[in-house]
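What follows is a short report on a single structure.
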Amino acid sequence: MTSVAVAVAGGARRPARRAKAIGTLLASLPVLVTVVFVGVPVVLAVLYTLGDVHGLNSAVASVAQHQVVARHGLTLGAYAHFFESAELRSDLVVTVVVTVVQSLVLVALALALGLFVRFGRGWLTKVVSTLYVVPMFVPVVIASFALVTFWEDRGKLAGFLALFGLPHSGLPGYTTAGVVLGLVWTNLPFAVILIGSGLQGVPDALIEAARDAGAKPLRVLRRVILPAIRLPLVIVIVFSATGALGAYTVPDLMGPNAPQMLGVAMTGYFQSFGQPQMAEVMAVIVFLGAIGLAGIYLWANRASALDRGARG
Amino acid sequence: MPTPNQPIVPPRSVLHRTRSRRGLAAMGAAVLGGSLLAACGGSPGSHPAAGSSPASTAALSAASSAAPKKAKVVTLTLATDLTDPISGTNLLPWQNVWVPAFEKAYPDIKVDIVGDANSSDDTALYDRIVAAEKSHRPPPVDMTDASILPELVEQGYGVRVTSKLVPRLAEIYPSQMSLARYEATPFRGSAVVLAYDSAKVKNPPHTLPALLAWIKAHPGQFTYCPPSSGGSGEGFVQDVASAHIPKAQEMEFLDSYKPALESEWKPGLAELRALGPDMYRHGFYPNGNTAVLQLLANGSISMAPVWSDQSHAALAAGLLPKTTKFLQLTPAMPGSPSYVMVIKGSPDEAAAFSFINFMLSPTEQDLVAKYMHGFPGVRWSDAPAGLRAEFAGIESGYALNWDAQFTNDLAAKWQAEVPGA
């Protein structure tokens, strides 16, 4: 009996090892693809920004204008040029400001909509919960173009305001404020869905208990609801901010001629100004910002897991 | 978000063909009638002959023609990246208009079009032409007008054009022939011109100083696209910058890139910056040639620099008000000719030059004007009368576009110093 049992166990162990090997192989494929098609170009690009124009960078360097070449070793010269340029400094500032403001506006709006749908009753709630997903199904290019032609100086909105004798100057067409609104518009469905589902997970009993104890609505929000949805909040902020940091379509179609967000500026330097090195410097700067945001996300995830562990 | 298909720097050359093409390329993606038709439109002409040698194709078609009396039919191949001027009309100039007219006149010569949808196809074609030459084979195509033409000319891949091969050579401006080292023949052209709504503008300016004064006197009525977004804006900016450059130095910007010369642009850029408050919306520059035409069309502005061919095509298609008129400044704003070349080693060189000569005939030049709204390839004095009538007011020629590396820098400096300041 025993020997049979051992044989069965041994037979089971071999397929298990094979399954593990296949699993590793399957998992390594996407990793391999990422390393080859993302990792290698990233390393090459970073080296190019540091003045390395040899090897695989020689092709791009051969047609580039105004590039900094390291005589030996590496140099931060291209980065110095970036920070010396008043134009690019203001592009960087506007990129950061737009990213921060759009995240704050997005979270405030998504929270308001989420609370309304969570606690509201009746047909209006249903209408709102259907409407806020609409932007998800409108391609960004089309949405941007539609929005900017709607609210530009001679658009439908201005016409409508003029019809009623209302002031219609200072509309957000082709302004940085318009870019913020555009980014909020495109990110809204994702934000409301995440925050909304977080809110659905807050038990009614918890809220009622707080109310029974005499807590006012704002206090309930601050002490009960917000802590419960901390993770979805962080996810919304981090993911939308990462997108905003490197945004191209929305600021290109809806933004002013200057200052430009870095996504637009780097495209100009790459395609029109013949300066791929400066374009890649901007890409690296955006990339570093995104890594910082990813750090926040990982920290929040870990803290939340620890939280659950402690509670469990 | 760089598109891999686009070259980082437009190929550098004295011909500057890529820059002028920007006008047409942008038109292909035009929002005016925006559709992918233009992109698809480039390929129906793609022909299997692209891969095989033209000689064998000619032999094949000769063998298959049953009529014994008929002379041997020669088949030429022409590689092009030209699409329909107004996207969506699906009327391709070479395939549907110019080649049929030639084949009617020359029944013994057939022309197959190899369509290139984008610049990466052109690069592949360039590689194949080089490879064919290195292995002493006939080139993959006999003729081309694609965006790689300047490099081919620079590397000496064109058959030298003589008046024996092309009798109509005498009708072409010698300066345009020497720009292409006599390796390619201009058959059409386009320039940046001033478009205005004659219903609103009664006395349009005819010189650059008069135009600048007009802009200041009519705030909000004028704008142009950023030079990085379209050739019409680039032409206007180059025109303002070159107005402040000593005449003797102007030629230096046509060739051999010397960044030190760029300090000459300072007064021109300062002038453009000072114009900002008087521009449309106190300094708004719409992205691209097409966006400028849209502002003209909806009456937001009443004057702007535009591409001659694109704007005439838009006017003909009803996309601009009927009251839109065009004029060229004196001295003229920049533009460039478009060339077609016969590639060295083509087994049917004589037939190819018959084709090129015919492209310069009044028949074809009329069709160039009709379907492309392009300037004639020949001198204005030799152009058909109807064509001169269409372009009355803007036929005074054009200044030449600067070298691509200079215009790259001009676009970068404009971005930093005009809207950014």
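Within the range B:386-403, does at least one residue satisfy the condition of being under 30 Å from A:VAL264 (Cα atoms) and within 14 Å of chain A (Cβ to nearest Cβ)?
Of the residues in the range B:386-403, the ones under 30 Å from A:VAL264 (Cα atoms) are B:400-403.
With within 14 Å of chain A (Cβ to nearest Cβ) added as a condition, the list becomes B:402-403.
Scanning the range B:386-403, I find at least one residue that is under 30 Å from A:VAL264 (Cα atoms) and within 14 Å of chain A (Cβ to nearest Cβ), so the answer is yes.
Please work out which residue is surrounded by the fewest Cβ atoms within 10 Å (Cβ to Cβ), limiting yourself to the range A:282-306 and to residues that are within 14 Å of chain B (Cβ to nearest Cβ) and over 16 Å from B:ALA412 (Cα atoms).
Step one: list which residues in the range A:282-306 are within 14 Å of chain B (Cβ to nearest Cβ), which gives A:282-283, A:286-287.
Going one step further and asking which of them are over 16 Å from B:ALA412 (Cα atoms), we end up with A:283, A:286-287.
Numbers: A:ALA283: 23, A:VAL286: 21, A:PHE287: 16.
Step by step, filter the range A:282-306, then rank; the result is A:PHE287.
Results for (1) more than 8 Å from chain B (Cβ to nearest Cβ); (2) more than 22 Å from A:TRP151 (Cβ to Cβ), shown as yes or no for each residue.
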residue	(1), (2)
A:ILE237	yes, yes
A:ALA241	yes, yes
A:ALA244	yes, no
A:ASP252	no, no
A:ALA258	no, no
A:GLN271	no, yes
A:ALA279	no, yes
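Do we find that B:THR407 is surrounded by fewer than 24 Cβ atoms within 10 Å (Cβ to Cβ), β-branched (Val, Ile, Thr) and in contact (Cβ under 8 Å) with a residue 24 or more places away in the chain in this structure?
Details: surrounded by fewer than 24 Cβ atoms within 10 Å (Cβ to Cβ): no; β-branched (Val, Ile, Thr): yes; in contact (Cβ under 8 Å) with a residue 24 or more places away in the chain: yes.
Here the answer is no, as B:THR407 does not meet what is asked.
Residue pairs whose Cβ atoms lie under 9 Å apart, separated by 6 or more positions or on different chains, with the first residue in the range A:47-66 and among the basic types (Lys, Arg) and the second buried (at least 19 other Cβ atoms within 10 Å of the Cβ), do not occur. It is to be established whether one or more residues within the range A:221-228 are out of contact with any Leu (no Cβ under 7 Å at 6 or more places or on another chain) and within 13 Å of chain B (Cβ to nearest Cβ). So far as the range A:221-228 goes, no, none of its residues is out of contact with any Leu (no Cβ under 7 Å at 6 or more places or on another chain) and within 13 Å of chain B (Cβ to nearest Cβ).
Scanning the range B:223-255 for residues that are within 14 Å of chain A (Cβ to nearest Cβ) and either assigned to a loop (DSSP other than H, G, I, E, B) or more than 29 Å from B:GLY299 (Cβ to Cβ) (or both) returns B:THR223, B:TYR224, B:CYS225, B:PRO226, B:PRO227, B:SER228, B:SER229, B:GLY230.
Only residues that are in contact with a Ser or Thr (Cβ under 7 Å, 6 or more places away or on another chain) and within 14 Å of chain B (Cβ to nearest Cβ): list them for the range A:130-163, please. Before the answer, list the steps.
The initial filter retains those residues of the range A:130-163 that are in contact with a Ser or Thr (Cβ under 7 Å, 6 or more places away or on another chain), namely A:135, A:140-141, A:143-144, A:154-155.
Once the filter is applied, which keeps residues that are in contact with a Ser or Thr (Cβ under 7 Å, 6 or more places away or on another chain) and within 14 Å of chain B (Cβ to nearest Cβ), the range A:130-163 yields A:VAL140, A:VAL141, A:SER144, A:ARG154, A:GLY155.
Whether a residue is at pLDDT 90 or above, among the β-branched types (Val, Ile, Thr) and either in a helix (DSSP H, G or I) or in contact with a Phe, Trp or Tyr (Cβ under 7 Å, 6 or more places away or on another chain) (or both) was assessed, and A:ILE142 passes this test. Out of A:SER129, A:SER103, one residue alone is at pLDDT below 95 and hydroxyl-bearing (Ser, Thr, Tyr). It is A:SER129.
If I filter the range B:412-421 down to residues being buried (at least 22 other Cβ atoms within 10 Å of the Cβ) and assigned to a helix (DSSP H, G or I), which single residue comes out as farthest from the other protein chains (Cβ to nearest Cβ)? Can you show your working first?
To start, the set of residues in the range B:412-421 that are buried (at least 22 other Cβ atoms within 10 Å of the Cβ) comprises B:412, B:414-415, B:418.
Now drop any that are not assigned to a helix (DSSP H, G or I), which leaves B:412, B:414-415.
Details: B:ALA412: 4, B:TRP414: 10, B:GLN415: 6 Å.
Only one residue fits best here, namely B:TRP414.
Across the range B:356-383, which residue is modelled with the highest pLDDT among those that are in a loop (DSSP other than H, G, I, E, B) and buried (at least 19 other Cβ atoms within 10 Å of the Cβ)? Once the filter is applied, the top-ranked residue is B:LEU360.
Answer yes or no as to whether A:ALA59 is aliphatic (A, V, I, L, M) and part of a helix (DSSP H, G or I). Answer is yes for this residue.
Keeping to the range A:121-156, report how many residues are more than 27 Å from A:VAL100 (Cα to Cα) and surrounded by 14 or more Cβ atoms within 10 Å (Cβ to Cβ).
Filtering the range A:121-156 down to residues more than 27 Å from A:VAL100 (Cα to Cα) leaves A:121-127, A:130, A:154-156.
Going one step further and asking which of them are surrounded by 14 or more Cβ atoms within 10 Å (Cβ to Cβ), we end up with A:125, A:154-155.
Matching residues across the range A:121-156 total 3.
Within the range A:44-96, the set of residues being closer than 22 Å to A:ASP252 by Cα and either surrounded by fewer than 13 Cβ atoms within 10 Å (Cβ to Cβ) or within 14 Å of another protein chain (Cβ to nearest Cβ) (or both) comprises A:PHE82, A:SER85, A:ALA86, A:GLU87, A:LEU88, A:ARG89, A:SER90, A:ASP91, A:LEU92, A:VAL93, A:VAL94.
The values are calculated or read from the model by the stated rules, or taken from the named source; none is laboratory data. For clarity, every value in this text was computed on a predicted model and none was experimentally measured. Neighbour counts run over all protein chains shown; Cβ positions are idealised from the backbone, glycine included.
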